[in-house]
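The values are calculated or read from the model by the stated rules, or taken from the named source; none is laboratory data. Keep in mind the model is a prediction, meaning the values are calculated, not measured. Cβ: placed from backbone, ideal geometry, glycine included. Neighbour counts: every protein chain shown.
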Amino acid sequence: MPYLRFKGFPTEFLKMLAPRIVEEFAQIVNITKEKVKIESLVTEAITQVPLSVEILMAPRKQEIHDAAAAMLNRLLKEYGYEQIHLFFIILNPRLYYRNGEPLASGSSTYAPSEGVSYHGMT
C-alpha cells in the first residue's frame, strides 16, 4: 500500500502514465510495484482548486518523501502539468486496520525504522 490519489487529471492520462509512476515510486520507496495503488479522484470543485496528488503511506525518512514528490512533479511537468500540489498523508500503522486487525500494535511510536514492515503496510 501506498495510495497515490490524483485530483483533476484526465483518467486516460493517468492510465497511460501509471506504469511509469508505479515503477519509479516503488524504486524510491523500496517496495514491490504491486503495493503501489493509483486512484483518480473525481471531485466537484466549489472554488478554484489546483491539480493535486495525495500520497497516503506509512512514514519514511524526509529524503524519501522529497524524492517521491520530486519524481511525481518531474513526470507531470513532462506532460505540461505545472503548479501541482503534492502532499503526504502519513498513515499510522496502529490505526490502519486490515480485516479488523491493526497492522502494528503496542504503545511504541510508529516512526520508520530501517527494514521494518508493518504486516504488509509499507
>> Given the criteria touching a Pro at 6+ places or on another chain (Cβ under 9 Å), in a helix (DSSP H, G or I), among the aliphatic types (A, V, I, L, M) and surrounded by 16 or more Cβ atoms within 10 Å (Cβ to Cβ), does Ala68 qualify?
In response: yes
> Scanning for something modelled with pLDDT of 95 or more and under 14 Å from the mean Cα position of the chain (by Cα), does segment 75-83 turn up at least one residue?
Replying inline: no
> How do the pairs read when you match residues in segment 1-20 that are within 17 Å of Ile31 (Cβ to Cβ) and in contact (Cβ under 8 Å) with a residue 12 or more places away in the chain with residues anywhere that are part of a loop (DSSP other than H, G, I, E, B) and polar (S, T, N, Q), using Cβ under 9 Å and keeping only pairs 6 or more apart or on different chains?
Replying inline: Met1/Thr122; Pro2/Thr122
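Rundown of residues vs (1) surrounded by 12 or more Cβ atoms within 10 Å (Cβ to Cβ); (2) within 14 Å of the chain's Cα centre (by Cα); (3) charged (D, E, K, R); (4) part of a loop (DSSP other than H, G, I, E, B), yes/no style:
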position	(1), (2), (3), (4)
Met1	yes, yes, no, yes
Phe9	yes, no, no, yes
Ala18	yes, yes, no, no
Glu24	yes, yes, yes, no
Arg60	yes, yes, yes, yes
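Filter segment 35-57 down to the residues that are of a type in the set (Val, Ile, Thr) and over 17 Å from Tyr96 (Cα atoms), then identify the one that is surrounded by the fewest Cβ atoms within 10 Å (Cβ to Cβ).
Thr47
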> Which of the residues spanning segment 1-13 are within 18 Å of Ala45 (Cβ to Cβ) and in contact with a strand residue (DSSP E or B) (Cβ under 6 Å, 6 or more places away or on another chain)?
Replying inline: Arg5, Phe6, Lys7, Thr11
> Looking at this structure, is Asn30 within 14 Å of the chain's Cα centre (by Cα), on the phi > 0 side of the Ramachandran plot and not aliphatic (A, V, I, L, M)?
Replying inline: yes
>> Just checking, does segment 22-30 include any residue being without any contact (Cβ under 8 Å) to a residue 60 or more places away in the chain, touching a strand residue (DSSP E or B) at 6+ places or on another chain (Cβ under 8 Å), more than 12 Å from Leu75 (Cβ to Cβ) and of a type in the set (Gly, Ala, Ser)?
In response: no
